[in-house]
1. How large is the accessible surface of Glu68 in square angstrom, using a 1.4 angstrom probe and rounding to the nearest 10?
2. Per the Kirkwood definition applied to all pairs of different Cα atoms, how many angstroms is the hydrodynamic radius of the range 102-145?
3. Using a Förster distance of 30 Å, how high is the FRET efficiency between Lys143 and Glu64, based on the Cβ-Cβ distance and rounded to 0.05?
4. For every other residue with a beta carbon closer than 12 angstrom to the beta carbon of Ala91, add +1 if it is Lys or Arg and -1 if Asp or Glu, then tell me the sum.
5. Counting only Cα, what are the radius of gyration and maximum Cα-Cα distance Dmax of the range 121-161, in Å?
6. Mind checking which aspartates and glutamates have their Cα closer than 17 Å to the Cα of Lys77? Skip sequence neighbours fewer than 8 apart in that chain.
7. Report the extension gain between Asn134 and Asp85 in nm, rounded to one decimal, defined as 0.36 nm multiplied by the number of residues separating them, less their alpha carbon distance.
8. Tally up the carbon and sulfur contribution to the accessible surface of the range 96-161 as a whole percent, 1.4 Å probe, everything protein left in place.
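The values are calculated or read from the model by the stated rules, or taken from the named source; none is laboratory data. Computed from a predicted model, the values in this text were never measured in an experiment. Here the Cβ is made from the backbone with ideal geometry for all residues, glycine too, and neighbour counts use every protein chain on show. Surface areas here come from the heavy atoms of the whole protein model, side chains and all, with no ligands, DNA or RNA. Shrake-Rupley method; radii C 1.70, N 1.55, O 1.52, S 1.80 Å.
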Amino acid sequence: MKTIQILFVLALSLLAIDTVSAQYGNNGYGNNGYGNRGYNNGGYGGNNRMNQIPQAQGQDKPKEIPVEVTVGKIMEKLTPELTLDQLQEIAISNVLIESMRSQGILLKDETSSQDQKIKEIQALSESTDRKINNFLNEDQKVKYKALNEEGNKKKKSKRNR
């Protein structure tokens, strides 16, 4: 009976250690999920210049959220607010995906000035609104316009803080 208890405690402690390792990103190769600081890229010792380069060099930029995910969140709000049918939902999400991709391209363009980018994005936004309005009935257009104005008020209040 004593042996079974010891085996049970041992197995439980091994499972606990494995769970903790998994939670903190330890993959068994010395990578603890925090960039291996102080271990020279997983090894011990050595005075190689390559080992002195910070691990987070390529991680300066936050990970980009896919356009489809963002559009999905927008559609989750728009669909019930405007009572969209499935055809409208598909058409509007396609318009939004196209618009957001174009906006991303405009923002990444390093040849344009900031003012030029703002004007181009405003024109893109107006074009997107016109395309969306083409898929809406009169009641939905009124609701959509109100939602846009509400969103613009929120943006302005954030800027004024």
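1. Glu68 has an accessible surface of roughly 90 Å² with all protein chains in place.
2. Hydrodynamic radius (Kirkwood, Cα pairs) of the range 102-145 is 11.8 Å.
3. That gives a FRET efficiency of 0.45.
4. -2
5. 11.9, 37
6. Glu68, Asp85, Glu89, Asp129, Asp139, Glu149, Glu150
7. Extra length available between Asn134 and Asp85 comes to 16.2 nm.
8. 49 percent
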